[in-house]
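Please read through the structure below; I'll follow up with questions.
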Amino acid sequence: MQVGVLKTDGGPHPPEKWAFATATHLVQVSPNADALLQRDAFLLQMNVADAIEKHYTELQKAEADALALNGDDHLAVPIDPIPYVEAALADVIAAAKGSKWEKHFQSTERKEHESNAFLAPGEEPLEPYPSVQDVMKTVLATHFATAIHVHRSWHADKNPDGPNAQAFRAAHHPGPDNPIVSGRVI
């Protein structure tokens with residue numbers, strides 16, 4: 001598992017920053033791997049980042065447009081990253097073409113859980129493991145949802161007077177200035 005922090009002061013992260021962060025989650029290799037494999041992984045990360053940057057650009061533009069058009073009301077709309085996932089996945093798979101990861105990224109096979117071999121009679125079998133593409137879709141959806149959330153967070157912070165901005169900040173920004181923590185009523 002990989003954990004990272006994106007930091008910016010002054011607005012949402014640029015699409016290229018999101019794209020590279022996502023690429024490093026999709027293409028991982030052990031730090032103990034030989035240098036050539038590490039190099040190949042880095043090159044694929046760059047190719048994947050280039051391939052998905054346009055999806056972050058589109059997502060951020062759509063979010064900015066919706067916030068400009070609907071303002072505070074848009075903060076109450078559920079976050080939906082799904083419209084971006086399939087096209088981004090196709091671009092990730094295309095970016096891996098010719099790499100050592102090409103076949104792996106094309107995999108849609110769900111493997112049986114090995115623990116199912118040891119079930120007692122009448123026990124329910126465990127669900128199969130997700131496929132490689134299922135995992136990549138989850139990473140993409142999670143990262144896209146976070147990008148949308150960050151965009152809304154910046155909007156709520158710059159426009160704190162609306163009731164939806166106050167509710168958004170209260171729900172997502174606990175701290176001493178948070179109305180829930182400070183005891184102030186929204």
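Every number in this text was worked out from the coordinates using simple rules, so none of it is lab data. Not measured: the values here are computed from a predicted model. Don't worry about glycine lacking a Cβ; one is built from the backbone with ideal geometry, like all the others, and counts go over all protein chains shown.
In degrees between 0 and 90, to the nearest 10, how far off the longest principal axis of the chain does helix 82-95 point, with axes built from Cα atoms?
Helix 82-95 and the main axis of the chain meet at about 40 degrees.
To the nearest 10 degrees, how steep is helix 35-70 against the longest Cα principal axis of the chain, on a 0 to 90 scale?
30
Show which lysines lie in cross-link reach of LYS97 when reach means a straight Cα distance below 28 angstrom and same-chain residues fewer than eight apart are skipped.
Those lysines meeting the cut-off are LYS17, LYS54, LYS111, LYS137.
Given (1) 121; (2) 112; (3) 185 as candidate values of volume of the Cα convex hull per residue in Å³, which corresponds to the one derived from the coordinates?
It is the value labelled (3).
Based solely on its DSSP helices, what 222 nm [θ] is calculated for the chain when runs of n ≥ 4 H residues each add -39,500 (n - 2.57) and the sum is averaged over all residues, nearest 500 deg cm²/dmol?
-19000 deg cm²/dmol
I need to check one value: relative contact order of region 3-160, counting alpha carbon pairs closer than 8 Å and at least 6 residues apart, in percent.
For region 3-160, the relative contact order is 29 percent.
For region 47-113, state which GluC sites (Glu not before Pro) are in a DSSP loop and have at most 14 other beta carbons lying within 10 Å of their beta carbon.
Of the GluC sites (Glu not before Pro), the ones in loops of region 47-113 whose Cβ has at most 14 other Cβ atoms within 10 Å are GLU109, GLU112.
List the trypsin sites (Lys or Arg not before Pro) within region 79-115 that fall in a DSSP loop (any state other than H, G, I, E or B) and whose Cβ has at most 11 other Cβ atoms within 10 Å.
LYS97, LYS111
Using a Förster radius of 35 Å, what is the FRET efficiency between SER131 and ALA167 based on their Cβ-Cβ separation? Nearest 0.05, please.
For R0 = 35 Å, the calculated efficiency reads 0.40.
Tell me, in nm to one decimal, what length is gained between LYS100 and ILE79 on full extension, where the rule is 0.36 nm per residue of separation less the Cα-Cα distance?
Full extension from LYS100 to ILE79 adds 4.1 nm.
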